[in-house]
Ligand code: NAD
Ligand code: TYD
């Protein structure tokens, strides 16, 4: 992996992965970050990386749905491996506008697979990043394993399921060196504040209402983003071609519990709120999300057993790091929330 193309490297998980690879691992090659810079991208978060690693980090603004731009990136930088994070990723947006999800998640993945297939003599890995949401919803018992049948319920998860099937089909049919990982809900630094945890942290700090869909008893299995990064890197280095690995944090919690924990933590760190006695009073139950999956829970036994991976953070330790990160990075928050980041992108990338 000398010339690793990372798609979606300016989004939440991709940029954490690039930071991790370049600053914490034995990776010696070059990263080519290929990103369209949608509303979800904050490329300014990688300015220090491009300054510190001018020879090992390259950014290309491009759309994976645009095959000619993609192919020219593959050839200009002699790409020999791919880690594919780029996606439309927010379930609520997929409900109001599924078109972009089909375009990026399905068509974009198809273009990438084709580009890799055409360069099969030099490409050693196509790592496809996916989600546990492809498995659908669990009842009160049980876990998703690598053998669980796909049953996606939202346009987002259906588009990701489709891309997973394409990736596996390209391995079986054409021998493309594919690995797939399906991860549970991530949280941590640089997450765009439309997702539950950063949204609640920022609203709680400002004493704004905390919207909870339905009865708040939906369960997600939370994983700190750096633990996702360590898992992906282990799989990229030592996982078996053609295999799928589930990644989860054993961090199952009801949404209401997540929100209450954040409220208590911020009451402790920042002091009591002024408008209410406790931030828990800011909780606001709102109309449920259509097709809202009830419970996700991952069995990571294969990853742990075969590759010895373990997450480093518990939900409490990861959440504390996350809250502190948002508290210590008001400039990033202001940059994103004011919309100034869009102007920054246009100034730098046109
Ligand atoms: P994100 O929405 O924060 O970032 C997505 C990135 O992809 C952005 O930088 C965006 O500009 C880029 N992008 C979007 N469309 C593109 C296109 N057509 N061409 C090139 N770049 C494009 O997403 P994230 O939360 O960082 O998720 C990354 C990946 O991880 C996705 O594939 C997602 O399905 C998967 N995943 C996410 C989670 C989670 O909890 N966030 C959990 C499991 C799996
Ligand atoms: P989200 O962060 O959007 O991730 P996903 O839908 O991919 O799991 O949502 C996590 C959970 O939080 C999910 O059950 C929906 C719920 N949720 C709320 O209750 N309120 C909110 O404002 C948001 C964004 C999510």
**Prompt:** Using Cα atoms only, what is the angle between the long axis of helix 196-205 and the major principal axis of the chain, expressed in degrees (0 to 90) to the nearest 10?
**Reply:** 40 degrees
**Message:** Compute the angle between helix 255-270 and the longest alpha-carbon principal axis of the chain, please, reported from 0 to 90 degrees and rounded to the nearest 10.
**Reply:** 70 degrees
**Prompt:** Quick one: of the DSSP bridges fully inside the chain, what percent are antiparallel, nearest 5?
**Reply:** 10 percent
**Message:** Can you order the peptides 192-203, 276-287 by their average number of other Cβ atoms within 10 Å per residue, highest first?
**Reply:** 192-203, 276-287
**Prompt:** For the chain, modelled as a Gaussian network with Cα springs under 10 Å, which listed residue fluctuates most, 86, 161, 169?
**Reply:** 169
**Asked** To one decimal place, what orientation-averaged projected area in nm² is obtained for the convex hull of the Cα set of region 145-234?
**Response** 7.9 nm²
**Choice from 53, 12, 34 with maximal GNM fluctuation in the chain (Cα, 10 Å cutoff)** = 53
**Message:** Could you give the length gained by full extension between residue 257 and residue 337, i.e. 0.36 nm per residue of separation minus their alpha carbon distance, to one decimal place?
**Reply:** 26.2 nm
**Asked** region 1-70 to region 130-174: how many Å between their Cα centroids?
**Response** 26 Å
**Message:** Using a Förster radius of 22 Å, what is the FRET efficiency between residue 103 and residue 28 based on their Cβ-Cβ separation? Nearest 0.05, please.
**Reply:** 0.05
**Item:** Cα gyration tensor category, rounded, prolate or oblate, for region 2-121 with a/c compared to 1.5
**Value:** oblate
**residue 250-residue 194 FRET efficiency (beta carbon distance; Förster radius 25 Å; 0.05 resolution)** = 0.45
**Asked** Quick one: helix 340-349 against the long Cα principal axis of the chain, what's the angle to the nearest 10°, folded into 0 to 90?
**Response** 20 degrees
**Asked** Between residue 241 and residue 320, what is the spin-label point distance in nm, taking each point 7 Å from the Cα along the Cα→C-beta axis?
**Response** 4.4 nm
**Prompt:** What ranking, highest mean first, results for peptides 265-272, 308-315 when packing means the other Cβ atoms within 10 Å averaged over each residue?
**Reply:** 308-315, 265-272
**Message:** I want to verify a result. In a Gaussian network model of the chain, Cα cutoff 10 Å, which of these has the top mean-square fluctuation: 254, 100, 206?
**Reply:** 206
**Asked** Assuming R0 = 45 Å, what is the FRET efficiency of residue 78 and residue 294, from their Cβ-Cβ distance, to the nearest 0.05?
**Response** 0.45
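The numbers here are math on the coordinates, done by the rules we state, and not lab data. The structure displayed is predicted, hence computed values, not measured ones. All Cβ positions, even for glycine, are placed from backbone atoms using ideal geometry, and neighbour counts span all protein chains on display.
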